[in-house]
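The values are calculated or read from the model by the stated rules, or taken from the named source; none is laboratory data. Quick caveat, the model's predicted, so the values are computed rather than measured. As a convention, Cβ positions derive from the backbone with ideal geometry for all residues, glycine included, and neighbour counts pool all protein chains shown. Accessible surface areas use protein heavy atoms only, side chains included; no ligands, DNA or RNA. Shrake-Rupley method; radii C 1.70, N 1.55, O 1.52, S 1.80 Å.
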Amino acid sequence: MKFNSTFLEQSAAFKSRFLENLEESIGEKTRFEFYKNLLFRYLKLKSIKTSFSNFLEEHNIKIFVEIAHEELPYLKEIFVRLKEDNLYKKDKRFIGDLFLNALDKGDYFLVLLFIAFVKLYPSEIISNIQEAIRVGKRFINLFMGEVPIDKLDPLARLISKDPLFLGFSAQNLTIRDLAPFLANFGFTPSVFIRIHEILIEDFTEREAPDIISLFKNSEINNTQALKNFPFADFFIPSGKTLEILAKTASVKAEKEKKNLIERDLALDDKAMKLREETNKFIQNSLSKLKALVDVKNVDLSTVLLNMQKEITKLEGTLKLHVRMVQELKNLAINLKEDIDQNKLLLGMKAQDIRAFIPSPPSWEIEKLVREFWHAQPFLAVISPASEKAISRFLIKEEKVQGGTILSKLSFGDRKTFSPDIDKVIYNYKLAFGELLEVIFVREVLNNMVEIWPPSIDFENPRSRMKGEKIIHLVGLNLLPRGYFYRFSKDGKIRPKIDKEALELKEKISFIIRKNFSSLVSVLVYDIRGSTFMSHRLRDADRERAILSLFQSYIFESAKRGSSFILKDTGDGGIMWFGGNSQKLYREIYKTSTTKSGKMVRHSTALEDEFYLLPYFKSAEMAIKTALDMVKTAEDFVKENYVKYREWFGDIKEKEILHEGITYALLPPQFKSLFRLGVGISSGIPGKDISFSPNAFGDPDLNGILVDEASLLSSGKSPERSVVLIDNNTLINLLLNSEAYLLTSPLKGSDSEKEIIGKLLYLLKGEAKDKTFFFEGFTVSPVGIYNLDEEDKRKAIKFEIPKELSLTIDENGELMSKEGRIKLIYEVLPIEEKNEEES
């Protein structure tokens, strides 16, 4: 199946770090998985079979839900009338049609729609919790009156139980707020909490042998092991249990201490032997050098040449010794860390262990419910000690309260209050099942659902940035996969999926990830105006001096960019970027400075150092370096253009003001001086590029990437420097950048319509005027490079046909009707703007 260039780029984003980042930040992937597991745990505990479980298995991030845009205003009016308990018949029909349409498409959709209502209900019209309860009850009655009960999914039936705090955040609820509902089970809030505490204290002690046994059988030799220990699978241990765990950790550390001492001695022995070997080698080398100096009747140049050979050999061998020293240093650092960790464990106290135990949930109801779930195996048998503690507490509490609430926990055939423990435990479980679990499960679902479109404060830059991310998550991921749900009185809920396009996108994504996730990037730059400079100066020494000064600026920029600076070609240069580019450059080149201040470098490369290590950030490093070079070239001009008359001789009088040459008045030929043409091409080491000594023994690059980058560096503009990249470079950038936009950023002057417009732009995949927005720069398509065109002057066309149709092979090569091609993109820096402009 054929596709256009936009489809290729969206395929790169489809399974990229960018989308992974959106799934985690906006889709709250980790948090969603946590809540999904909580819900599944509850359903398993209660043996509830719900179709919502299978539906939920499809999702790994928040579920986005939309109420039809054209129906939403009327729904908001219904909300107001629901509060006033003054619904019209047409309101009930509207709600009924909405829910029945959802039920017709799948009973699990009722769960989503119910939660969407809870999230949509405006809290600003609710004044207090009592009103929230009343409105929630009205909504439940309305829901139950419009939907056939026998067709309700069990989960939908559960979450539609009273009480529903509509328009009030459940996270703000406390046990005290539930007093009227707890009274139905015979509890006051304080009584319920105390009974729960008595039970959990007993269960914690009964569980203590299990956590102690697991701790003793686990490998605990550092604090990371303590962090990884599954404390969350147990009740929070008592102080007594914590003391046992701390003592166990100390005993384990004492045993490990002996092993660490042996490692330390062995390392000292290795270090001693290495010092002896290095010293012996240096003495032998010095003896050889001395012997060369002492030779008589030999030409001095021959002596110096032989000495230079011996010194070069010495440098290479010393490098091997330095490597071994570094390895020993790393071993020593790791050993010190292990020793420090061992000391911590040796002195471990109960409070130290407590620091590694996860904090309980801050929401009181969540804490109670999760403790209750964990207590299920223990609730089958209540210990006599717990029964006595509960009875004593209830008798004392009944005397203090003197009310009728606790009477529901007493034997009915006795004159005085006498706690019936079986009834207490039964009502305790019932309170959780009918009240607390309902509230908590509803809130779990609430945290798994997001309402579309997002609410954006267009005057707030942070809010706009979040909105942009949501648009991309929905447009690039959810809608194409069919994971977006639109509720209305009629019509489909789930979007229609283009399965063929989705499969193709998956296929292309696999191909490009396999071929372009990790690459080496080659950068070639050309200094504009060098030919004009030669003709103008007609002085090779002066030209070389000026270019050397300029290149020194570029050299510093390249060093900042983690590049391997391969060579200065006189009117340009070549460098490459990969996983080892900066490290290798630093290790194999030695530099010195001549008397005149010029830098001289020579290579000390060993044979095993000639390798290219691909890197997932190679494209980003190359592009950022290119932009920094362009900025550096501009700074060079600003700092030196006043010297142009000194450098180039006669300049017309109109070009000069009393303070020197005004750059804005310079002729075009002078303005173009020191602008750059930069080409970046990326590929796979060994296939597209290789790194090895050339015929003269100098490090050099071979392969098609150098030619392609050189060709791209010929791109010109009458107004600025030009940075061109190939599609391999862009794909590597798209796959691995954590943040960018495929639409223009939202502005303070935008409105909600812009959200829909940008979403449609993503979905349509339009290629016209397409620009990618990264931090600090943009990338836009500008042309096509025909790889099979023999005349390289005709190989690049700076235009993209409107109906360009592409295919891709397993190696990631693009084909059009003209043969093998590469897409070409221009990189431009984003000008800094003030907040008013943005």
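Quick check, is Phe432 open to solvent by less than 70 Å² (accessible area, probe 1.4 Å), at pLDDT below 95 and either more than 30 Å from Ile140 (Cα to Cα) or part of a helix (DSSP H, G or I) (or both)?
So Phe432 fails the test.
List pairs: first in segment 798-810 and β-branched (Val, Ile, Thr), second exposed (fewer than 11 other Cβ atoms within 10 Å of the Cβ), Cβ under 9 Å, 6+ apart or cross-chain?
Thr807/Met1
Listed here are the residues, each with its yes/no results for (1) among the acidic types (Asp, Glu); (2) modelled with pLDDT of 90 or more; (3) in a loop (DSSP other than H, G, I, E, B).
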| position | (1), (2), (3) |
| --- | --- |
| Glu468 | yes, yes, no |
| Leu479 | no, yes, no |
| Lys492 | no, yes, yes |
| Glu503 | yes, yes, no |
| Ile512 | no, yes, no |
| Leu523 | no, yes, no |
| Ser534 | no, no, no |
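Being within 30 Å of Ala619 (Cβ to Cβ) and surrounded by fewer than 20 Cβ atoms within 10 Å (Cβ to Cβ) is the requirement here; does Pro453 meet it?
Working: within 30 Å of Ala619 (Cβ to Cβ): no; surrounded by fewer than 20 Cβ atoms within 10 Å (Cβ to Cβ): yes.
When the stated conditions are applied, Pro453 does not pass them.
It is to be established whether one or more residues within segment 817-825 are open to solvent by 10 Å² or more (accessible area, probe 1.4 Å) and of a type in the set (Phe, Trp, Tyr).
No.
For Glu366, state whether it is within 18 Å of Val424 (Cα to Cα), buried (at least 16 other Cβ atoms within 10 Å of the Cβ), touching a residue at least 24 places away in the same chain (Cβ under 8 Å) and acidic (Asp, Glu).
Here the answer is no, as Glu366 does not meet what is asked.
Does segment 344-351 contain any residue that is in contact (Cβ under 8 Å) with a residue 40 or more places away in the chain and touching an Asp or Glu at 6+ places or on another chain (Cβ under 6 Å)?
Yes, segment 344-351 contains at least one residue that is in contact (Cβ under 8 Å) with a residue 40 or more places away in the chain and touching an Asp or Glu at 6+ places or on another chain (Cβ under 6 Å).
Show the residue pairs that are 6+ apart or on different chains and have beta-carbon atoms under 8 Å apart, the first residue being within segment 507-523 and touching a residue at least 24 places away in the same chain (Cβ under 8 Å) and surrounded by fewer than 21 Cβ atoms within 10 Å (Cβ to Cβ), the second being in a strand (DSSP E or B) and small (Gly, Ala, Ser).
Pairs that qualify, where the first residue is touching a residue at least 24 places away in the same chain (Cβ under 8 Å) and surrounded by fewer than 21 Cβ atoms within 10 Å (Cβ to Cβ) and the partner is in a strand (DSSP E or B) and small (Gly, Ala, Ser): there are none.
Only one residue in Gly145, Gly96, Gly136 is free of Cβ contacts under 8 Å to residues at least 40 places away in the same chain and not basic (Lys, Arg), so which one is that?
Selected residue: Gly136, the only one of Gly145, Gly96, Gly136 that is free of Cβ contacts under 8 Å to residues at least 40 places away in the same chain and not basic (Lys, Arg).
So Glu437 passes all but one of these: (1) open to solvent by 10 Å² or more (accessible area, probe 1.4 Å); (2) among the charged types (D, E, K, R); (3) closer than 23 Å to Ala380 by Cβ. Which condition number does it fail?
(1)
Within segment 291-340, track down each residue that is assigned to a loop (DSSP other than H, G, I, E, B) and either among the polar types (S, T, N, Q) or surrounded by 14 or more Cβ atoms within 10 Å (Cβ to Cβ) (or both).
Hit for segment 291-340 is Asn297, nothing else.
Can you tell me how many residues within segment 29-62 are in a loop (DSSP other than H, G, I, E, B), charged (D, E, K, R) and either touching a Cys at 6+ places or on another chain (Cβ under 7 Å) or within 22 Å of Glu437 (Cβ to Cβ) (or both)? Give the steps one after another, and end with the answer.
Residues of segment 29-62 in a loop (DSSP other than H, G, I, E, B): 46-50, 58-62.
Narrowing further to those that are charged (D, E, K, R): 46, 49, 58, 62.
Okay, now just the ones that are also either touching a Cys at 6+ places or on another chain (Cβ under 7 Å) or within 22 Å of Glu437 (Cβ to Cβ) (or both), so 46, 49.
Total satisfying the criteria: 2.
For segment 723-742, enumerate the residues that are part of a strand (DSSP E or B) and either over 21 Å from Val678 (Cα atoms) or open to solvent by 10 Å² or more (accessible area, probe 1.4 Å) (or both).
Leu741
Within segment 260-319, which residues are at pLDDT below 80 and among the charged types (D, E, K, R)?
Selection gives Asp294, Lys296, Asp299, Lys309, Glu310, Lys313, Glu315, Lys319.
Among Arg392, Arg354, Arg370, Arg323, which is the only one that is under 22 Å from Leu274 (Cβ atoms) and of a type in the set (Lys, Arg)?
Arg323
For Ile565, which of the numbered conditions (1) without any contact (Cβ under 8 Å) to a residue 24 or more places away in the chain; (2) open to solvent by 40 Å² or more (accessible area, probe 1.4 Å) fails to hold?
Only one criterion in (1) without any contact (Cβ under 8 Å) to a residue 24 or more places away in the chain; (2) open to solvent by 40 Å² or more (accessible area, probe 1.4 Å) is unmet by Ile565, namely (2).
If I go through segment 380-397 residue by residue, how many of them are open to solvent by 10 Å² or more (accessible area, probe 1.4 Å) and part of a helix (DSSP H, G or I)? Show your work before the answer.
Pass one, segment 380-397, residues open to solvent by 10 Å² or more (accessible area, probe 1.4 Å): 380-385, 387-389, 391-393, 395-397.
Right, trim to part of a helix (DSSP H, G or I) and you get 384-385, 387-389, 391-393, 395-397.
Final tally of qualifying residues: 11.
Does Lys687 meet the test of being without any contact (Cβ under 8 Å) to a residue 40 or more places away in the chain, open to solvent by 30 Å² or more (accessible area, probe 1.4 Å) and at negative phi?
Working: without any contact (Cβ under 8 Å) to a residue 40 or more places away in the chain: yes; open to solvent by 30 Å² or more (accessible area, probe 1.4 Å): yes; at negative phi: yes.
Here the answer is yes, as Lys687 does meet what is asked.
Are any of the residues in segment 16-34 under 30 Å from Glu443 (Cα atoms), surrounded by fewer than 19 Cβ atoms within 10 Å (Cβ to Cβ) and among the aromatic types (Phe, Trp, Tyr)?
Taking every residue of segment 16-34 in turn, at least one turns out to be under 30 Å from Glu443 (Cα atoms), surrounded by fewer than 19 Cβ atoms within 10 Å (Cβ to Cβ) and among the aromatic types (Phe, Trp, Tyr).
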